[in-house]
Amino acid sequence: MTETSLQTILGLSMLAPHVRLAIEAGAAAAATLAAFSLSRSDGYVGPAGPILIGSGFVADILMHLVQRGSELGLTLEALGLVLFLFGVIRLILDLSDYVLPSKVRASNIFWDLILIVLYAVVVMVVLRATLHVDVTSLLATSAVISVIIGFALQDTLGNIFAGLSMQLQKPFEPGDWVHFGNYVGRVHGIGWRATRIVTRDNERLEIPNNLIAKEVVVNYTAGGVADAIFIGLPYEQPPNRVKEILMRVLRHADGVARHPEPEVTAVEYGDSAIKYRLRFWLSDYGTHELVRDTVISNVWYALRRYAIEIPFPIHTIHLHHAPGDQDVAAERQQRLIAELRQADFLAELSDEELQLLLPNTNVHQFGAGEILMHQGEVGDYFHILRRGTVKIVANAGNGGSVHIRDLDAPAFFGEISLLTGEPRNASVIARTDVEVLELSREAFIHLFRARPDALNQVSEVVARRISETRERVQAASATEDRRGRNWLVDKMRSIFGV
């Protein structure tokens, strides 16, 4: 036994031989159990450290079973000491790795370098102390071998130094979305030879560090990332109106960042349309394709609602209406009148009165997830639901939202804000693709000015509904009901100018 033995380091040399062996055997068993437990866990501390420590104890135990001072005994002593110190170093690095941020843990090229250097120091010190090996000649031999290996592994060494350079300059970190060459993906780590990237298609790429170091790398994670969509729209549509419609779509599209503000600009006069650019920012580039899908889909629905067609570069053929078209138009008019009667405050109006609403009645389509009405805005239209399902939500005091109920076709909503001029008290969101009849304020202005009596009929029904709703909350006296009805009539007369 020398002064560098494992037992001397652990302070066991003063104990009886059988006690030392028992302690070492127990330590080896404990290290084995720890390695087995860590191999089944999801933590960052791996089983390599306990395995090396346990192997060191086993080698030290075997040393006592051979002739003391023999070449095999000294070899086992050196081996046990090297394995034990390797295990301690690995365990310390694993524990240090565990407390560092995840991005540092994923790029372990520096940890590997530190580990190799420490291992080399341990081997040289133990060889010098136990086997009395001349370390100077060993270093000289290693230098010659290193030169030979360096020439044989030029590409590999190039990848290693490129990886070290990227670790120092940090053009990207694990978790960043990057684009270089023909590759787009999320960085998972930088290794000795290659950088690991996972694409949107979940393809795992191992790209040599030397190749990345020669490319222009675009990092999509440094602040907001802009995206743009181009669309051509008809010349007869005023650009300011078009930009207002498209901006409304961008402001309410899920995944589009609120800051910086989205932009809609007219960029070119095309052969058959004015080309517009919709520019918006993403807070997470990983949602890029989903956000584009949302914006493009919502733009289509918005253009359909406002009767704006995307022009095609084709010839337009104008056809005269055949005599039978009048019958089709009359049938459509009767169908719309029947749908208008689904609103209780319009049910008592005559066909002639309802026909006055039709010129300002439009059919709109909304995609699932689009907002039909916003809480707090002044209502200048209301909807009759023809197809689909919508949900009614209201803002909660904690900044969230409360789901009030769902409405299935046929149903109607938004009439109170339209008729009273009060802000909407809830938002309406399409749960599925929906189709609605939209009646604007102009429709009722035209009706009430042509038929003033219709205002009283509508106000009677709406006031009765408001009163019934109030009674479900608290009992209301007849005087309060009458006051509420008179208030509503006065309010409607001032709004519609009759």
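The values are calculated or read from the model by the stated rules, or taken from the named source; none is laboratory data. Keep in mind that this is a model prediction, so the values were computed, not measured. FYI the Cβ positions are ideal-geometry reconstructions off the backbone, even for glycines, and counts take in every protein chain you see.
Side notes on the structure shown:
- Selection count, region 253-296, where residues are out of contact with any helix residue (DSSP H, G or I) (no Cβ under 7 Å at 6 or more places or on another chain) and of a type in the set (Phe, Trp, Tyr): 3
- Filtering Ile308, Ile231, Ile274 for residues that are surrounded by 14 or more Cβ atoms within 10 Å (Cβ to Cβ), over 23 Å from Gly369 (Cα atoms), of a type in the set (Val, Ile, Thr) and modelled with pLDDT of 90 or more leaves a single hit, Ile274.
- Whichever residue in region 203-228 is under 25 Å from the mean Cα position of the chain (by Cα) and aliphatic (A, V, I, L, M) and, among such residues, is surrounded by the fewest Cβ atoms within 10 Å (Cβ to Cβ): Ala222
- Pairs meeting the criteria (first residue in region 249-274 and free of Cβ contacts under 8 Å to residues at least 40 places away in the same chain, second residue in a helix (DSSP H, G or I) and among the hydroxyl-bearing types (Ser, Thr, Tyr), beta carbons under 7 Å, at least 6 apart or on different chains) are Gly255/Thr287; Gly255/Thr294.
- Test: residue in region 413-427 that is buried (at least 18 other Cβ atoms within 10 Å of the Cβ), among the hydroxyl-bearing types (Ser, Thr, Tyr), under 34 Å from the mean Cα position of the chain (by Cα) and not in a loop (DSSP other than H, G, I, E, B): yes
- Subset of region 195-206 (residues that are within 18 Å of Pro171 (Cβ to Cβ) and either modelled with pLDDT under 80 or among the basic types (Lys, Arg) (or both)): Arg196
- Pairs with Cβ under 6 Å, 6+ apart, first in region 328-345 and under 22 Å from Leu418 (Cβ atoms), second of a type outside the set (A, V, I, L, M, F, W, C) and modelled with pLDDT under 90: Ile337/Asp351; Gln342/Pro410
- For region 184-202, a tally of residues being over 19 Å from the mean Cα position of the chain (by Cα) and part of a loop (DSSP other than H, G, I, E, B) returns 3.
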